[in-house]
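Here the structure comes first, spelled out in structure tokens, and everything after it is commentary.
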Amino acid sequence: MAESNSITAPNTDGREPLIELRDIYKIYQMGDEAVHANDGVSLTIYRGEFVAIVGKSGSGKSTLMNIIGALDVPTSGEYYLGGEDVSDMADDELAEIRNKMIGFIFQQYNLLPKLNLLENVELPLLYAGVPAAERKERALASLERVGLKEKWKNMPSQLSGGQQQRVSIARALAGSPSLILADEPTGALDSKTSREVLNFLKQLNEEGNTIVMITHDSSIALEAKRVVRVHDGKINFDGDVNDYAAIL
């Protein structure tokens, strides 16, 4: 793979920043060695973008995802999500931010096997204190968006992998989040089902949703509109997907 030494600034089209990372470091102490998982990362993602963060195992992309997803805080640097500084929030504050602003889509779906589809999709709304009747209405509407409303009584084990991932997407959408964060969303799926899920993410983006997708696979990253490549804890490419395709 060709390496790029220049960082291409994305075309913002006057859009409002949703994610602003400023000189982010995440340092882990491994014995006598300080490991810089993120090493001075600065990144701005605007509302309505579809961005893929790509990198090999050990590149620092998962650490960056955890910071963007308010699952962890940086050792130093600033992180603003929707204009709010979340850089050094306590765990309970981070949990509130996650529930209020972020919808997660995971590689392994993370559906609770003892709950039916409706109950799984309702979970973030339950944590947010949404009344029962409104929870059910919003969860059913979310399942309808992914084509699974008629199966709301089914258990996750009764669905295919692709259907389970669509339930995961419905759950992410139920709380009307500012950001959809997809961690290797096709990693457990066959190629045909992966294509269906990627097409659905594209559709959500066309509807105005901001999507950040984490992947190790450059062919998957090419489905986004903008690619950010992480290597050794640093960003070594940030630009339009067509420019990224040209250097592969």
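A compact table of results
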{"read-out": "Label-point separation, His216 to Asp232 (7 Å along Cα→Cβ), nm", "value": "2.0"}
{"read-out": "Debye-sum result for the range 102-160 in log10 I(q)/I(0), which assumes one identical scatterer on each alpha carbon, at q = 0.15, 0.16, 0.17 Å⁻¹", "value": "-0.42, -0.48, -0.54"}
{"read-out": "Point-to-point label distance, Asp72-Ala34, nm (Cα→Cβ direction, 7 Å offset)", "value": "1.7"}
{"read-out": "Pairs of Cα atoms farther than 23 Å apart, the chain, %", "value": "50"}
{"read-out": "FRET efficiency estimate (nearest 0.05) - Cβ-Cβ, Glu134 to Lys192, R0 41 angstrom", "value": "0.70"}
{"read-out": "√(5λ) per eigenvalue of the Cα gyration tensor, the range 117-248, largest first, Å", "value": "30, 16, 12"}
{"read-out": "Segment Gln203-Leu248, extension gain: residue separation times 0.36 nm, minus the distance between their alpha carbons", "value": "13.6 nm"}
{"read-out": "Cα gyration tensor category, rounded, prolate or oblate, for the range 52-172 with a/c compared to 1.5", "value": "oblate"}
{"read-out": "Nearest-10 value in Å² for the accessible area of Val35, using the 1.4 Å probe", "value": "50"}
{"read-out": "Rounded FRET efficiency, nearest 0.05, which uses the C-beta distance separating Leu126 from Lys153 and R0 of 25 Å", "value": "0.90"}
{"read-out": "For the range 17-120, convex hull volume per residue from C-alpha positions, Å³", "value": "147"}
{"read-out": "Rule-of-thumb Rg ratio for the range 64-124 [Cα; 2.2 N^0.38 Å; N residues]", "value": "1.30"}
{"read-out": "Backbone HN-Hα couplings from phi across the range 137-150 [Karplus 6.51/-1.76/1.60, Hz, Gly and Pro as x]", "value": "4, 5, 5, 5, 5, 5, 5, 5, 4, 9, x, 10, 4, 5"}
{"read-out": "Convex hull projection area averaged over all views, the range 188-228, Cα basis, nm²", "value": "3.0"}
{"read-out": "Tyr244, Tyr80, ranked by accessible area, largest first (probe 1.4 Å)", "value": "Tyr80, Tyr244"}
{"read-out": "Alpha carbon centroid spacing (whole Å) that separates the range 45-118 from the range 124-152", "value": "22"}
{"read-out": "Cross-link reach list, lysines versus Lys114, counting only Cα pairs under 30 Å and skipping chain neighbours closer than eight places", "value": "Lys100, Lys136, Lys149, Lys151, Lys153, Lys192"}
{"read-out": "Label-point gap, in nm, between Asp88 and Arg47 - each point 7 angstrom along Cα→Cβ", "value": "2.9"}
{"read-out": "Nonlocal amide H pairs with Ile105, under 5 Å, H built at 1.01 Å", "value": "Leu181, Ala182, Asp183"}
{"read-out": "Using alpha-carbon coordinates, inclination of helix 161-174 to the longest axis of the chain, degrees", "value": "90"}
{"read-out": "Three-way shape label, the range 148-189, alpha-carbon gyration tensor, a/c 1.5", "value": "oblate"}
{"read-out": "Electrostatic dipole magnitude of the chain [Cβ: Lys, Arg +1; Asp, Glu -1; Cα centre; debye, to 20]", "value": "1120"}
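The values are calculated or read from the model by the stated rules, or taken from the named source; none is laboratory data. Computed from a predicted model, the values in this text were never measured in an experiment. Virtual Cβ from ideal backbone geometry, glycine too; neighbours counted across all protein chains shown. Heavy atoms of the whole protein, side chains included, go into the accessibility calculation; ligands, DNA and RNA do not. Shrake-Rupley method; radii C 1.70, N 1.55, O 1.52, S 1.80 Å.
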